Amino acid sequence: MADNNLRFCSLFVILLMLLSANNDSSFGRAQEDAPAAFSEGRRSDSALVPAMFIFGDSLIDNGNNNNLPSFAKANYFPYGIDFNGGPTGRFSNGYTMVDTIAESLGLPLIPSYSEASGDQMRYGVNYASAAAGILDITGRNFVSRIPFNQQIKNFENTLDQITDSLGAPDVSQALSKCIFFVGMGSNDYLNNYLMPNYDTKNQYNPQQYADLLAQQYSQQLTRLYNLGARKFVIAGLGLMGCIPSILAQNSNGICSEEVNQLILPFNTNTKAMINNLGANLPGARFSYIDIHNMFQDLLANAGSYGFNVLNRGCCGIGRNRGQITCLPFQTPCPDRNQYIFWDAFHPTEAVNVLFGQKAFNGNMNVVYPLNIEQLAKL
């Protein structure tokens, strides 16, 4: 399995080296101008919160890798084929899950850290980076990426600008009402534990590795709390054994139970972690998005949700269209709303919208103890 992943990465690296689809913005642009305050008086009248700050990986990245020397990019067609404005760096044909959540909260789409400056930060910033992990070493096969620790440092840079503009007491009050969305962990498995060029699998059994991740994760979320975060939304991991990249590695094309079992301790630990943090960090509230249950329900009831294609990507090459992910200017499937997976690793916009809506106002089978709407109104 991991050898196939390495061959995929090698091929994708060569193709991306030939790709010249970059925009002119600078990664440091987010530090140029002091932003306007994200206070209640400045937000949209319909917004439930002043702002949302987003941390994660390629599932919610919206362009932070575009100008990095990285092989984990999606700023080329057909990515963004259904997004107004075309390719942005989102690993989707259109919206990501956090785009749907932002709109549900009454906020505009949240800008990437690499592009946001001045008044663009008014409603929050997206720090997510493709190939990023909880562990700093995760994703090094893609060269540059922005690990969670660095994403938190980037948030500190944003915070310094806002504090200079607004003053510490007002910033603290505003931050306590903002949503902090965090979706980390998938790359710590796909681009670390399961990769042959890492020794992680020889150092830790699955439970030990999940414990290591939970320890790091808890420290990182506590750092955000100490910086002023109070309302946390934490996304768990889905059925990673069912993504086209993994399906393509099995001749029978069925989900890898080995991979699905591998990540279960991570989800279990994450739920225990946020319960512990909620009990020990005064004023902190947590919502856990059970992506595992969402995906399980989606695969079991795909037809009732309008999906007909469960086991291959809309854009990709090889078995299950998952052996090589979506290539520059490749023609994707025309019926994208019927596909669960957009490429070898990521869901389609239709799934992202569905999951975003469930996270926002779903029941406790998929998001608990509060959905995002309930959390926002606290």
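The values are calculated or read from the model by the stated rules, or taken from the named source; none is laboratory data. Remember, predicted model here, so these are calculated numbers, not experimental data. In this analysis, Cβ positions are derived from the backbone assuming ideal geometry, glycine residues included, and neighbour counts consider all displayed protein chains.
So the values come out like this:
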| item | result |
| --- | --- |
| Condition check for VAL366: of a type in the set (Val, Ile, Thr) and free of Cβ contacts under 8 Å to residues at least 60 places away in the same chain | no |
| Search result, residues across region 117-147 that are buried (at least 23 other Cβ atoms within 10 Å of the Cβ) and either of a type in the set (Lys, Arg) or within 23 Å of GLY85 (Cβ to Cβ) (or both) | MET121, TYR123, GLY124, VAL125, ASN126, TYR127, ALA128, SER129, ALA130, ARG145, ILE146 |
| Options ARG145, ARG122; residue that is among the basic types (Lys, Arg), touching a residue at least 12 places away in the same chain (Cβ under 8 Å) and under 22 Å from ALA174 (Cβ atoms) | ARG122 |
| Index of the failed condition, MET195 passing every other in (1) part of a helix (DSSP H, G or I); (2) touching a residue at least 12 places away in the same chain (Cβ under 8 Å) | (1) |
| Residue match in region 297-316 (condition: under 30 Å from ASN226 (Cβ atoms) and either in a loop (DSSP other than H, G, I, E, B) or modelled with pLDDT of 95 or more (or both)) | no |
| Counted residues, region 266-296 - those being small (Gly, Ala, Ser), without any contact (Cβ under 8 Å) to a residue 12 or more places away in the chain and either more than 30 Å from LYS177 (Cα to Cα) or outside any helix (DSSP H, G or I) (or both) | 0 |
| Of residues in region 308-337 being closer than 23 Å to HIS292 by Cβ and over 22 Å from the mean Cα position of the chain (by Cα), the one surrounded by the fewest Cβ atoms within 10 Å (Cβ to Cβ) | ASN308 |
| Residues satisfying the stated conditions in region 256-306, i.e. among the charged types (D, E, K, R) and over 22 Å from TYR193 (Cβ atoms) | ARG285, ASP297 |
| Residues being under 19 Å from VAL367 (Cα atoms) and assigned to a loop (DSSP other than H, G, I, E, B) - total across region 49-108 | 5 |
| Check on GLN203, in contact (Cβ under 8 Å) with a residue 40 or more places away in the chain and surrounded by fewer than 17 Cβ atoms within 10 Å (Cβ to Cβ) | no |
| Flag if LYS73 is surrounded by fewer than 24 Cβ atoms within 10 Å (Cβ to Cβ) and at pLDDT 95 or above | no |
| Options PHE91, PHE38: the member that is at pLDDT below 95, crowded, with 21+ Cβ neighbours inside 10 Å and either hydrophobic (A, V, I, L, M, F, W, C) or within 18 Å of LEU327 (Cβ to Cβ) (or both) | PHE38 |
| Only listed residue being touching a Cys at 6+ places or on another chain (Cβ under 8 Å) and surrounded by fewer than 21 Cβ atoms within 10 Å (Cβ to Cβ), chosen from ASN275, ASN260 | ASN260 |
| Residue selected from region 172-200 under the condition of a type outside the set (Ser, Thr, Tyr) and farther than 25 Å from CYS242 by Cβ, by the criterion surrounded by the fewest Cβ atoms within 10 Å (Cβ to Cβ) | ASP199 |
| Of the criteria (1) touching a strand residue (DSSP E or B) at 6+ places or on another chain (Cβ under 7 Å); (2) within 23 Å of LYS358 (Cβ to Cβ), which one LEU247 fails | (2) |
| Single unsatisfied condition, PRO147 versus (1) more than 15 Å from the chain's Cα centre (by Cα); (2) more than 22 Å from ALA102 (Cα to Cα) | (1) |
| Test result for SER287, more than 30 Å from GLN173 (Cα to Cα) and among the hydroxyl-bearing types (Ser, Thr, Tyr) | no |
